[in-house]
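The values are calculated or read from the model by the stated rules, or taken from the named source; none is laboratory data. These numbers were taken from a predicted model, which means no experiment stands behind them. Cβ coordinates were reconstructed from backbone atoms using ideal geometry, including for glycine residues, and neighbour counts include every protein chain displayed. What goes into the accessible areas is simple: the full protein's heavy atoms, side chains included, and nothing from ligands, DNA or RNA. Shrake-Rupley method; radii C 1.70, N 1.55, O 1.52, S 1.80 Å.
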Amino acid sequence: MRLDSRLSRMLHVLLHMTRSDLPFTSEQIAVMLETNAVVVRRTMAGLRNSGYVKSSIGQGGGWTIACDMTKTTLLDIYMAVGGTRLVGIGVDKANPSCAVERVVNAAVSEAILEAERLLLMRLGEISLSDLADHFGEICETESDCKCDGPALVARHS
């Protein structure tokens, strides 16, 4: 099963945006994420529709952050990019008349719900500014920090 990496990929983009005064085009983001610009526009549209980024067209246009990073949480971004099922395991419902299956399904379902509740709660406790601050600290202390992704390098050439 393929993992849904939209949250981590969009957080990656947003953190790079915090370190740039210039907007990012969909093409630059696509290079950074090694994907297609159409995929970027589709995903960024969810962030735009929720007010976390804005886009401008024309020369010098692109995507920029439009939210208060101290009030925007990872949960907010997760929901904006179309948050999907958090836990990849599930239960088997092939034979609901089987007592063993009912006991197993109840235990597993309860554990899955608790894990999802805890994960969503934790995502709601972490702000974009928390990540940006941590990212900035790493870039200041590590001489080999890769703060400039491929798209940033391409934009400044």
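For the condition surrounded by 15 or more Cβ atoms within 10 Å (Cβ to Cβ) and either assigned to a helix (DSSP H, G or I) or touching a Phe, Trp or Tyr at 6+ places or on another chain (Cβ under 8 Å) (or both), Leu75 qualifies. Number of residues in the stretch 1-34 that are touching a residue at least 24 places away in the same chain (Cβ under 8 Å), outside any helix (DSSP H, G or I) and open to solvent by 20 Å² or more (accessible area, probe 1.4 Å): the value is 8.
Of all residues in the stretch 112-128, those satisfying the criterion of being open to solvent by less than 90 Å² (accessible area, probe 1.4 Å) and touching a residue at least 12 places away in the same chain (Cβ under 8 Å) are Ile112, Ala115, Glu116, Leu119, Leu120, Leu123, Gly124, Ile126, Ser127, Leu128. The set of residues in the stretch 61-96 that are modelled with pLDDT of 85 or more and more than 27 Å from Gly124 (Cα to Cα) comprises Gly61, Gly62.
Here is the figure for the stretch 1-39: residues that are among the hydrophobic types (A, V, I, L, M, F, W, C) and within 13 Å of the chain's Cα centre (by Cα) total 8. Whether any residue in the stretch 92-111 is touching a residue at least 24 places away in the same chain (Cβ under 8 Å), touching a helix residue (DSSP H, G or I) at 6+ places or on another chain (Cβ under 6 Å) and open to solvent by less than 80 Å² (accessible area, probe 1.4 Å) is what I want to check. The answer is no; no qualifying residue exists. Pick from the stretch 35-48 the residues that are open to solvent by 40 Å² or more (accessible area, probe 1.4 Å) and either in a helix (DSSP H, G or I) or in contact (Cβ under 8 Å) with a residue 40 or more places away in the chain (or both): which of them is nearest to Asp130 (Cα to Cα)? Checked the stretch 35-48; the qualifying residue nearest to Asp130 (Cα to Cα) is Arg48. Against the test of being in contact with an Asp or Glu (Cβ under 6 Å, 6 or more places away or on another chain) and not β-branched (Val, Ile, Thr), the options Asn95, Asn105 yield a single qualifying residue, Asn95.
In the stretch 49-60, of all residues being outside any loop (DSSP other than H, G, I, E, B) and over 17 Å from His16 (Cα atoms), the one that is modelled with the highest pLDDT corresponds to Asn49.
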